[in-house]
Amino acid sequence: MTRKTSQLAAAVALVLGASAFSAAAQTANTLDTVIVTGTRVADRTVAESQSPIDIITPEALQSTGTSELATALSRALPSLNFPRPALTDGTSGIRPAQLRGLSPDQVLVLVDGKRRHTSAMINVNGSIGRGSSAVDINAIPIGAIERVEVLRDGASAQYGSDAIAGVINIVLKGSGSGGSLAIDHGQYAAGDGNKNQLSGDAGFTFGDGRGQVHLAGQYSQQDESNRAGPYQGTTPNTSNFPDIGEKTFVVGDPQVDASAVSANASFAFSDNVTGYANAMLSNRDITSFAFYRSPNHLSQTALLAQVYPDGYVPQINQYSKDRSVVAGVKGSTESGWTWDLSANHGENTLDFHTRNSINYSLGATSPSSFYDGTLKYTQDIFNADVTKSLDWGLAYPVTLSFGGEYRRETWEQRPGELNSYTGSGAQGFGGFTPINAVDEDRDNYAVYAGLEADLTDKFSAGVTGRYEDYSDFGDKFSGKLSARYAFTDKVALRATASSGFRAPSLAQQSYQAVTSTIVNGSFVERGTFPAASAAAQALGSAPLKAETSTSYSVGLVLQPVDRLYLTVDAYQIEIDDRIALSSNITTTGNTAVADLLTGLGLPQVTAFSYFTNGLDTRTRGVDAVASYTVPFSASSLELTAAYSYNDTEVKKFDASPAAFQALGITQALIGRDEIGRIEDSFPRDKAIVSGTWRSDHWELGLAATRYGSFTVRNSATATRDQTYDAKWVLDASASYKPSENWTLTLGADNLLDEYPDRTVDLQNSTWGMLPYSNYSPFGFNGAYVYGRIRYTW
C-alpha cells in the first residue's frame with residue numbers, strides 16, 4: 001500500500017467515526033422538499049418523484065473552495081463530469097460539463113423553471129464536448145442559488161430540445177429577508193492560482209410586505225496556474241519548440257477577473273395574482289494561453305530578433321458578457337385553474353483578443369494586440385403554462401397541464417480588425433475574417449400537454465407529449481410515460497420511457513474559422529467549416545438535422561429504517577444522428593485539396609473539419625445514492641455514498657464521403673480519436689463517500705471521490721493510446737462558529753495533492769510540454785487550500 005493510499009484509508013475511516021463532507025450529505029434533509037422539476041403537480045416531493053431527482057443545497061455548493069458552479073456540482077454529483085482543459089483556445093476559459101457521459105449540449109439548463117440561454121462559444125478543439133455549444137453555468141453566482149434540482153432523466157417532452165441526458169434547474173433565492181457576506185482567499189499548493197473573492201446576498205421587502213426581492217453578487221480574481229513540462233524533443237528552438245529542457249508553455253487554469261450580480265423579485269397584486277422577475281448580469285475577463293513560438297518560428301528570425309528575441313507565448317483574451325431577464329405573471333382562479341405567462345430574454349457576447357502576439361505579414365510595425373472578432377447568441381422566449389386539478393373519481397385529483405412556447409434565437413460571428421486576419425494573421429488566434437461573418441436566426445413554436453396523478457395510494461403515473469416546429473429544419477414530436485408504485489412505505493419502484501430530440505445549434509450550423517492547432521505533433525492551420533458552406537459541401541458534407549433519442553429507466557427507492565434512504569436507477573439512452581465535429585483531416589501534400597481550398601480563398605488551411613450527423617450511440621448506466629443520519633445528544637453525523645456508472649458505445653458511424661476518395665483523402669471523416677472521445681475519454685464510473693459532522697459551534701467535513709479510469713485514443717494509431725488510472729481525491733474542511741452569525745472556515749480541495757497519470761507518449765504530450773491529459777476529470781493543478789470568513793443574518 002502506498003503512502004497516499006494509507007492516508008486515504010485513514011481519512012475514510014475518520015469520516016465513518018467523526019466527520020464528513022459533501023453536497024450529497026444534504027440528501028437526508030431534502031427528501032420532503034417539494035420539487036418543481038420534472039413534474040407539474042404542485043406538491044410532489046423528492047421521495048415521491050417518478051424520476052430520479054438530486055437536490056443540491058446552497059450549503060453544499062459553498063462547502064468547497066471553488067467559485068465555479070460547474071465545479072461545485074461535479075463535487076456533488078457522480079453523474080456530472082467537469083474536466084478543466086488548457087491550450088484549447090476559447091474552451092480553456094469557458095469550459096463545458098457533461099451529464100451521464102453525454103455531450104454538454106444534451107442537458108437542458110433552467111433557471112427557476114425557465115430555459116437558460118446557451119453560450120455563444122462553440123467548442124472545436126480537443127476537449128470533452130468537442131463540437132458542442134452549451135450553457136455556461138459558471139456565469140451564475142453561487143450566492144444567488146437557493147438549491148439546484150438535477151433531473152437525471154430524458155425530458156424533451158416536458159421542456160423541449162436539449163433535455164436528452166437530463167435537466168439542471170437552478171432555483172434562485174427569493175426570500176425578502178436574510179443574507180450573507182463572505183470573503184475567500186486560496187491558492188494551489190504549488191504556489192500559483194491565487195484566488196480572492198467577495199460574495200454576498202440580501203433579501204428585502206417592499207409594498208407593505210406584498211413584494212420581496214433578493215439580491216446577490218460575486219466578484220473574484222484568479223491568477224493563472226502552470227503545470228507545463230520541459231521540452232523533451234530533438235528539434236530545439238524551432239517552430240513551437242524551445243530549447244531542450246526549457247519550460248515555455250503555460251498549461252493550467254486561465255487568469256480570470258469575474259463579476260456577477262442577480263436580482264429575484266416577486267409582488268402579490270392580489271391573493272390570486274403574483275408578478276415575478278429575475279435578472280442576472282455577469283462579466284468575465286479571461287486570459288488563457290496559446291502554444292509557445294520560438295525565436296525561429298516560421299523562419300522569422302530577423303523579425304523576431306527585433307520584437308520577441310526570446311520567443312513568446314500568445315495570450316487569448318475573452319471578454320464574456322452574459323445577460324438575462326425573465327418577467328412574468330402567474331395566478332389561480334377559484335375554479336382551480338393555475339396559469340403562468342412569461343417573457344424570457346438571454347444573451348451571451350464573447351469578444352476575442354489576441355495579445356502578446358504578432359502578425360508576421362506586417363513586419364516589425366505589427367501591433368502586439370489584436371481584436372479578433374465577436375461571437376454573440378441571443379434567445380427570446382414567450383411562455384404560457386396552465387394546470388388544472390381534475391376530479392375523475394380517483395383517490396386523488398388528476399393534474400392536467402398544457403401550454404405553448406415561442407422561441408427566437410440569433411447567432412452572430414463578427415469579423416475582427418484587419419490586422420488580426422490579413423496575411424498570416426495574429427499568431428495564436430487569428431481574427432475572424434469578413435468571409436467568416438455570420439448573422440443567422442431561427443424561430444420555433446411548441447405546444448405540450450400532460451396528465452399526472454396518484455391513481456391509488458400506492459400507484460402514480462404521468463404522460464406528456466410535445467410538438468415543436470423549427471423554421472430551419474422542420475418539426476419534431478416527443479413523448480414521455482412515467483410511473484411509480486410503492487409496495488410499502490419502505491419500498492417503491494419507478495420507471496420512465498421517453499423519446500427526445502436536440503436541434504442543431506445555430507453555432508454548429510454556422511461557425512467558421514481558421515485557427516492554429518497541433519495534430520499528431522505537427523503544427524497546422526485548421527479550417528472549421530459550416531456543413532452548408534461551399535468548402536464543406538465540396539468536401540462531402542450534408543445539411544445538419546436534429547438528433548433524436550429514446551430513453552428508458554427503472555429505479556428502486558428504499559427507506560428500510562429511519563434516517564436511511566437508498567435509490568438505485570438503471571437507464572438506457574439511444575441517440576440517432578448524433579452531431580459531431582469531424583476529425584481533423586490533414587491536407588499537407590495533397591495538391592487536389594490544396595487547389596480546392598485555394599480556389600475557395602483558403603490557401604493557408606492545412607487541415608479541416610466540419611459538423612456532421614455522423615453517429616448513432618447507446619448509453620447504459622446505473623446511479624446509486626445512499627444517505628444515513630446519526631443523531632447524537634448535541635450534534636449529528638450525516639453519511640452518504642453515491643455512485644455512477646455509464647458506458648457509451650458508438651453503434652454506427654458514417655463512412656467517409658465519396659468526395660474524400662475523389663480528392664485522395666485517406667483519413668476517416670470520424671476517426672478513432674473522435675469515437676474514443678465519445679466512448680472512453682471520461683471515467684465510466686465515479687464514487688463519492690462523504691458526510692458532515694455538525695455541532696453548535698463546529699462543522700467538520702471530509703469527502704473521498706474516486707474518479708474511474710479513462711482512455712485517450714490517438715487519431716493515427718492504437719499504439720499511442722493511453723489509459724489513465726483511477727484516482728482518489730480527498731476534500732476536507734473545518735468550520736468554527738464563534739457566534740450565531742460568524743463562520744470561519746479552513747479547507748483543502750484535493751488535500752493529498754493528487755495528480756492524474758502523466759502522458760507517456762512524448763508526441764501525445766507535445767514532446768513533454770503538456771504532461772497531463774485535458775480529459776482528467778479533476779484537473780491537474782494539485783491541492784488547493786483556502787480560507788473563508790462569512791457573516792450571515
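The values are calculated or read from the model by the stated rules, or taken from the named source; none is laboratory data. Source: prediction; values computed, not measured. Here Cβ is always computed from backbone atoms with ideal geometry, including for glycine, and neighbour counts include all displayed protein chains.
Listing for the model above:
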item	result
Any hit, segment 750-771, residues being more than 26 Å from D243 (Cα to Cα) and of a type in the set (D, E, K, R)	yes
Options A134, A157, A182; residue that is touching a Ser or Thr at 6+ places or on another chain (Cβ under 8 Å) and either basic (K, R) or assigned to a helix (DSSP H, G or I) (or both)	A157
Checklist (1) polar (S, T, N, Q); (2) modelled with pLDDT under 60; (3) surrounded by 15 or more Cβ atoms within 10 Å (Cβ to Cβ); (4) assigned to a helix (DSSP H, G or I) applied to S6, failing item	(3)
Extreme residue, surrounded by the fewest Cβ atoms within 10 Å (Cβ to Cβ), among residues of segment 165-179 that are in a strand (DSSP E or B) and in contact with a His (Cβ under 9 Å, 6 or more places away or on another chain)	G179
Output for segment 629-640, where each listed residue is in contact with a strand residue (DSSP E or B) (Cβ under 7 Å, 6 or more places away or on another chain), surrounded by fewer than 19 Cβ atoms within 10 Å (Cβ to Cβ) and assigned to a strand (DSSP E or B)	V630, S635, S636
Search result, residues across segment 208-242 that are at pLDDT 95 or above, in contact with a strand residue (DSSP E or B) (Cβ under 8 Å, 6 or more places away or on another chain) and assigned to a loop (DSSP other than H, G, I, E, B)	R210, D223, E224, S225, Y231
Residues of segment 728-766 classified as among the aromatic types (F, W, Y) and either within 26 Å of the chain's Cα centre (by Cα) or buried (at least 20 other Cβ atoms within 10 Å of the Cβ) (or both), total	2
Condition check for L198: surrounded by fewer than 17 Cβ atoms within 10 Å (Cβ to Cβ), part of a strand (DSSP E or B) and of a type in the set (A, V, I, L, M)	yes
Residue within segment 399-411 that is at pLDDT below 95, of a type in the set (S, T, N, Q) and surrounded by fewer than 18 Cβ atoms within 10 Å (Cβ to Cβ) present	no
Within segment 336-349, considering residues that are part of a strand (DSSP E or B) and of a type in the set (G, A, S), the one surrounded by the fewest Cβ atoms within 10 Å (Cβ to Cβ)	A343
Strands (runs of 3 or more DSSP E) wholly inside segment 696-759 that include at least 3 residues being in contact with a helix residue (DSSP H, G or I) (Cβ under 9 Å, 6 or more places away or on another chain) and of a type in the set (A, V, I, L, M, F, W, C)	698-707, 727-736
Residue within segment 357-368 that is farther than 30 Å from K458 by Cβ, touching a Gly at 6+ places or on another chain (Cβ under 7 Å) and outside any helix (DSSP H, G or I) present	yes
Qualifying residue in segment 439-462 (condition: within 24 Å of H297 (Cα to Cα), in contact with a Phe, Trp or Tyr (Cβ under 6 Å, 6 or more places away or on another chain), among the hydrophobic types (A, V, I, L, M, F, W, C) and at pLDDT 90 or above)	no
Count - residues of segment 326-353 that are in contact with a Ser or Thr (Cβ under 7 Å, 6 or more places away or on another chain), of a type in the set (S, T, N, Q) and within 23 Å of G211 (Cα to Cα)	2
Residue within segment 434-442 that is without any contact (Cβ under 8 Å) to a residue 60 or more places away in the chain and buried (at least 16 other Cβ atoms within 10 Å of the Cβ) present	no
Only listed residue being of a type in the set (A, V, I, L, M), touching a strand residue (DSSP E or B) at 6+ places or on another chain (Cβ under 7 Å), without any contact (Cβ under 8 Å) to a residue 24 or more places away in the chain and farther than 24 Å from E347 by Cα, chosen from L394, L481, L400, L455	L481
Whichever residue in segment 460-484 is among the hydrophobic types (A, V, I, L, M, F, W, C) and surrounded by 14 or more Cβ atoms within 10 Å (Cβ to Cβ) and, among such residues, is farthest from the chain's Cα centre (by Cα)	A461
Pairs, first in contact (Cβ under 8 Å) with a residue 60 or more places away in the chain in segment 296-319, second part of a helix (DSSP H, G or I) and among the aromatic types (F, W, Y), C-beta under 8 Å, six or more apart	L298/Y360; Q300/Y360; L303/Y360
Any hit, segment 670-689, residues being among the polar types (S, T, N, Q), on the phi < 0 side of the Ramachandran plot and part of a strand (DSSP E or B)	no
Hits in segment 485-504 (condition: over 24 Å from D43 (Cβ atoms) and crowded, with 22+ Cβ neighbours inside 10 Å)	G500, F501, R502, A503, P504
Test: residue in segment 501-523 that is touching a Lys or Arg at 6+ places or on another chain (Cβ under 6 Å), under 30 Å from A626 (Cα atoms) and either among the charged types (D, E, K, R) or not in a loop (DSSP other than H, G, I, E, B) (or both)	no
Single match in L198, L215, L172, L151 (criterion: over 30 Å from V34 (Cα atoms) and of a type in the set (A, V, I, L, M, F, W, C))	L198
Which numbered condition F429 fails, given (1) part of a loop (DSSP other than H, G, I, E, B); (2) over 25 Å from the mean Cα position of the chain (by Cα)	(2)
Within segment 582-614, considering residues that are farther than 20 Å from G423 by Cα and of a type in the set (A, V, I, L, M), the one nearest to the chain's Cα centre (by Cα)	I585
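Quick grid of which residues meet (1) part of a loop (DSSP other than H, G, I, E, B); (2) at pLDDT below 95; (3) among the hydroxyl-bearing types (S, T, Y):
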{"position": "S270", "(1), (2), (3)": "yes, no, yes"}
{"position": "N283", "(1), (2), (3)": "no, no, no"}
{"position": "S288", "(1), (2), (3)": "no, no, yes"}
{"position": "F291", "(1), (2), (3)": "yes, yes, no"}
{"position": "L298", "(1), (2), (3)": "no, yes, no"}
{"position": "Y319", "(1), (2), (3)": "no, no, yes"}
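This table checks each residue for (1) assigned to a strand (DSSP E or B); (2) under 22 Å from A120 (Cβ atoms); (3) among the acidic types (D, E).
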position	(1), (2), (3)
E334	no, no, yes
D351	yes, yes, yes
W392	no, no, no
S401	yes, no, no
S420	no, yes, no
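Yes or no, residue by residue, for (1) under 30 Å from G186 (Cβ atoms); (2) of a type in the set (V, I, T); (3) surrounded by 21 or more Cβ atoms within 10 Å (Cβ to Cβ):
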position	(1), (2), (3)
V213	no, yes, no
R227	yes, no, yes
G245	no, no, no
P254	yes, no, yes
V307	no, yes, no
